[in-house]
Amino acid sequence: MAMTKALSSRELIRMLEAEGWTYRKSTGDHRHYVPPDKPGKVTVTHPVDTIPIGTLRSIYRQAGWDWGQRR
């Protein structure tokens, strides 16, 4: 199934923050977000106009989101 809408890093960060993920730190142009209720982290390159599909799928997997039910 083809992705119908590309996401920018800004849009992805908004989605993470809406679900309670919080900004932890930056390393260069990479921002690290941690969830409120489980271990782990998600790293988002910022700023990026269009996140590559493979990277986006990996971030969805790390966040525990279902790729088939894209937001």
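Read-outs throughout are calculated quantities, based only on the coordinates presented, and are distinct from any laboratory measurement. Keep in mind the model is a prediction, meaning the values are calculated, not measured. Ideal geometry is used to build each Cβ from the backbone, glycine not excepted, and the neighbour counts take in all protein chains shown.
Length gained on full extension, D49 to W67, computed as 0.36 nm times the residue gap minus the Cα-Cα distance: 4.5 nm. Fewest-first ordering of K25, K5 by other beta carbons within 10 Å of each residue's beta carbon gives K5, K25.
Per-residue 3J(HN,Hα) values for the stretch 5-22, derived from phi via the Karplus relation 6.51 cos²θ - 1.76 cosθ + 1.60 with θ = phi - 60°, read 9, 6, 10, 8, 5, 4, 5, 5, 4, 4, 5, 4, 5, 5, 9, x, 5, 10 Hz in sequence order (x marks Gly and Pro).
For the pair K25 and E11, the difference between a 0.36 nm per residue extended length and the Cα-Cα distance amounts to 3.2 nm.
If you restrict to DSSP beta bridges whose two residues both lie in the chain, what percentage is antiparallel, to the nearest 5? Looking only at bridges with both residues in the chain, the antiparallel portion is about 100 percent.
Our analysis of the chain gives Rg over Rh at 0.93, with the two radii drawn from alpha carbon positions and Rh computed by the Kirkwood formula.
Working note: Karplus 6.51/-1.76/1.60 with θ = phi - 60° gives the stretch 31-40 the couplings 9, 9, 10, 10, x, x, 10, 8, x, x Hz, where Gly and Pro are set to x. Run down the lysines and flag those whose C-alpha is under 23 Å from the C-alpha of K25, throwing out any fewer than 8 positions away in its chain. Counting by Cα, and skipping residues close in sequence, K25 has these lysines nearby: K38, K41.
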